[in-house]
1. Output the residues belonging to region 43-84 that are touching a Leu at 6+ places or on another chain (Cβ under 7 Å) and among the acidic types (Asp, Glu).
2. Is there a residue in region 18-26 that is touching a Ser or Thr at 6+ places or on another chain (Cβ under 8 Å), part of a loop (DSSP other than H, G, I, E, B) and touching a residue at least 24 places away in the same chain (Cβ under 8 Å)?
3. Could you go through region 55-66 and let me know if any residue there is assigned to a loop (DSSP other than H, G, I, E, B), of a type in the set (Val, Ile, Thr) and surrounded by 14 or more Cβ atoms within 10 Å (Cβ to Cβ).
4. Let me spell it out: the conditions are (1) in contact with a Ser or Thr (Cβ under 6 Å, 6 or more places away or on another chain); (2) open to solvent by less than 40 Å² (accessible area, probe 1.4 Å), and Ser38 meets all of them except one. Which number is the exception?
5. So, His118, is that one open to solvent by 40 Å² or more (accessible area, probe 1.4 Å), closer than 16 Å to Leu5 by Cα and part of a helix (DSSP H, G or I) or not?
6. Within region 1-11, restricting attention to residues that are closer than 13 Å to Val48 by Cβ and not small (Gly, Ala, Ser), which residue is surrounded by the most Cβ atoms within 10 Å (Cβ to Cβ)?
7. Inspect all residues belonging to region 56-66 and state whether any of them is β-branched (Val, Ile, Thr) and modelled with pLDDT under 95.
8. Would you mention how many residues in region 23-35 are open to solvent by 80 Å² or more (accessible area, probe 1.4 Å) and within 15 Å of the chain's Cα centre (by Cα)?
Amino acid sequence: MRADLDRLLVHDPEIGMPRLRWLTTPAVEATASAIGVSIEKLLYLRAVDAHHLDLSILPRERRRFLAMVGRRSTVQGLEQREERRYPILLALVAQSAVDQLDEVIALFDQAVSARESHAKAKTG
């Protein structure tokens, strides 16, 4: 798990940035490409079993706080934290698994609604 978490901080040539930044960058609009990227993020999180992480031992507010610290931190800032970065990254990944699923659903819903409105305008 540490190796997966450490890979979040390394520049990934496939996406052109560290996975941490990629995961914490939300979609701007509900386009097919944005939905595709959101699904890729969700699949990545599932590949590292983020949706199975049980952090219930930590109070909810502490998990939220750690995830927020992870979203706001730079790669360099987290690298400097050494061992202390792992709870932050775990909370971030676990929360991102939930948030990413919500984002995929919301984007898809927005895209379908936009197409429906466009179709109504054309036929009406």
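1. Of everything in region 43-84, just one residue is touching a Leu at 6+ places or on another chain (Cβ under 7 Å) and among the acidic types (Asp, Glu), namely Glu79.
2. no
3. Going through region 55-66, the residues assigned to a loop (DSSP other than H, G, I, E, B) turn out to be 55-59.
Checking the rest, the ones that are also of a type in the set (Val, Ile, Thr) come to 57.
Next, only the ones that are surrounded by 14 or more Cβ atoms within 10 Å (Cβ to Cβ) stay: none.
Checked region 55-66: no residue is assigned to a loop (DSSP other than H, G, I, E, B), of a type in the set (Val, Ile, Thr) and surrounded by 14 or more Cβ atoms within 10 Å (Cβ to Cβ).
4. Tallying (1) in contact with a Ser or Thr (Cβ under 6 Å, 6 or more places away or on another chain); (2) open to solvent by less than 40 Å² (accessible area, probe 1.4 Å), Ser38 fails exactly one: (1).
5. Judged against the criteria, His118 is not a match.
6. Kept after step one, since they are closer than 13 Å to Val48 by Cβ, are these residues of region 1-11: 1-8.
After this cut, where a residue has to be not small (Gly, Ala, Ser) as well, the list is 1-2, 4-8.
Values: Met1: 12, Arg2: 11, Asp4: 15, Leu5: 19, Asp6: 14, Arg7: 13, Leu8: 24.
Ranking the candidates gives Leu8 first.
7. Yes, region 56-66 contains at least one residue that is β-branched (Val, Ile, Thr) and modelled with pLDDT under 95.
8. Result for region 23-35: 2.
The values are calculated or read from the model by the stated rules, or taken from the named source; none is laboratory data. What you are looking at is a predicted structure, and each value in this text was computed from that prediction instead of being measured. Reconstructed Cβ throughout: ideal geometry from the backbone, glycine too, with neighbour counts over all protein chains shown. Please note that ligands, DNA and RNA were not included when accessible areas were found on the heavy atoms of the full protein model with its side chains. Shrake-Rupley method; radii C 1.70, N 1.55, O 1.52, S 1.80 Å.
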